[in-house]
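Contents: one structure, followed by commentary.
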Amino acid sequence: MGFNGTEDTTGFFAIFGLVMGIIYLAIVVLCIISMWKLFEKAGKPGWASIIPIYNLIILIEIVGKPTIWILWMLIPCVNVVFAVWLTNLFSKSFGKSEGYTVGLILLPMVFYPLLAFGDYPYLGPSAAEAQNGFGPNGFGPKGFGPSGFQGNDPFNQPPNPPQV
């Protein structure tokens, strides 16, 4: 017998660690398969979900945000805010609300598979900026910009045919 009965508990902890490792691996595989399926639902290649950094670029395309967001996702502390925002836009792209976003953040191993294998089609980019535009030059509310408060941008006018 070992010191304070350590022989008895060593086997238990070895088996416990093995079982927990298998459960963890199963959860990781389920999340990977779910993201693969969600990328395919959005019309993107599924394999893109497993490539680091590239999967963020594709995710940003799925929600309709500009690619510069990859820079914000790489800055410490700022990336947390943008990741939550990106997750919210992602859930809205599949027709879900902010409540579902909370589920995606707190219990991703439950909510991502529900979204992937449920009857939730990809509705398109959820970002209002991607669908309606975000002002005449990409800044501020629609109709307001630096060239005037009514959106009179001389560089964003339709071409005029020559007068003959």
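Tabulated data for the structure shown
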item: Fraction in percent of alpha-carbon pairs per bin - 10 Å, the stretch 1-73; result: 18, 29, 19, 14, 12, 8, 1
item: The stretch 45-66 versus the stretch 22-44: alpha-carbon centroid distance in Å; result: 14
item: Volume of the Cα convex hull of the stretch 12-128, divided per residue and given in Å³; result: 120
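A short reminder: the numbers here are calculations on the coordinates, not readings from a lab. These numbers come from a predicted model, not from an experiment.
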